[in-house]
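Notes to accompany the following structure.
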């Protein structure tokens, strides 16, 4: 578990399925992440993948909470993406109502300090808020590529 001044970060638990489903089934959330809302079954598989990262690597994705309320997910993963040259991959996704309040920056900055190794992230070129956050976190654009038929900007952070 990790904590910042405002946030509590912890690995997922099976009982997080409802909150994760609310996040990943929201069309606004997935607009630049695959574009299609996920089903309960798909979210369950994602949750199990998150749990597996902790078992295999000793790191993974965190649930982000503020005053006990679910805000989103951030983490470091080894997704082994086809056709992309990546370090360990950082990612963040927040409920629409949790965006624009500095939560993502606070949470991601904290996990990057905790992880303390080079990371990459991939961001859709139209996702302005995430591109801005990546630059604030010292990610540098490395290349633009297609991933699963969609354009993506690969960023690296030393």
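Computed from the coordinates by the stated procedures, all read-outs in this text should not be read as laboratory data. Note that the coordinates shown come from a computational prediction; the quantities given were computed from them, not determined experimentally. Here Cβ is always computed from backbone atoms with ideal geometry, including for glycine, and neighbour counts include all displayed protein chains.
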Which residue, of 30, 63, 108, is in contact (Cβ under 8 Å) with a residue 40 or more places away in the chain and either closer than 18 Å to residue 131 by Cβ or in contact with a strand residue (DSSP E or B) (Cβ under 7 Å, 6 or more places away or on another chain) (or both)? 63
For residues that are in contact (Cβ under 8 Å) with a residue 40 or more places away in the chain, part of a helix (DSSP H, G or I) and touching a helix residue (DSSP H, G or I) at 6+ places or on another chain (Cβ under 7 Å), scanning just region 1-23, find the one that is farthest from residue 102 (Cα to Cα). 16
Give region 115-158 a look and list any residue that's in a helix (DSSP H, G or I) and closer than 14 Å to residue 89 by Cα, or say none. 115, 134
When (1) closer than 14 Å to residue 72 by Cα; (2) under 15 Å from the mean Cα position of the chain (by Cα); (3) surrounded by fewer than 17 Cβ atoms within 10 Å (Cβ to Cβ) are applied to residue 20, the one that fails is (3)
Quick one: in region 48-74, which of the residues that are closer than 18 Å to residue 112 by Cβ and over 14 Å from the mean Cα position of the chain (by Cα) is surrounded by the fewest Cβ atoms within 10 Å (Cβ to Cβ)? 58
